[in-house]
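Everything below concerns the one structure shown next.
Every read-out reported here was derived from the displayed coordinates using simple, explicitly stated rules and does not represent laboratory data. Every value quoted in this text rests on a predicted model; they were computed, and no experiment measured them. We place every Cβ from the backbone using ideal geometry, glycine too, and count neighbours over all the protein chains shown.
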Amino acid sequence: MTHSAIPAVATRQIEDDGVIVTRWDFAPGAQTGWHRHALDYVVVPLVDGVMRLETDAGSGQERVSAGVSYRRPAGVEHNVINAGEDAFAFVEIELKGTHEGS
């Protein structure tokens, strides 16, 4: 039996000369799909949750807390999955001027 991936919902909130701000909303099991950022970025979880991060190097699961931000560098191909039982959301802030297009 083949299972279709549930897509997370991305809502672009701001794009200007300095940043791209996107809100991501995940139902349980939803995922971003494989992608690579051209810019360094900061993620701000809006609720507590459990994320699974898949990369070419493997996958890992981590618990994140509302309001506790983290930063990631550009260039790593990855897929983010809501591994929790509840809806999950975060705001992603891509920093223009940090890599491509700077």
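Across region 42-55, coupling constants 3J(HN,Hα) worked out from phi with the 6.51/-1.76/1.60 Karplus curve, θ = phi - 60°, read 10, 10, 10, x, 8, 9, 5, x, 10, 10, 10, 10, 9, 9 Hz, and Gly and Pro carry x.
Measuring nothing but how far apart in sequence close Cα pairs (under 8 Å, 6+ apart) lie, relative to its length, region 9-95 scores a relative contact order of 43 percent. Each Lys or Arg adds one and each Asp or Glu subtracts one; over the other residues with Cβ under 13 Å from the Cβ of LEU46, this totals -3. Within the chain, all pairs of alpha-carbon atoms sorted by distance into 10 Å bins from zero give the percentages 16, 48, 30, 6, 0.
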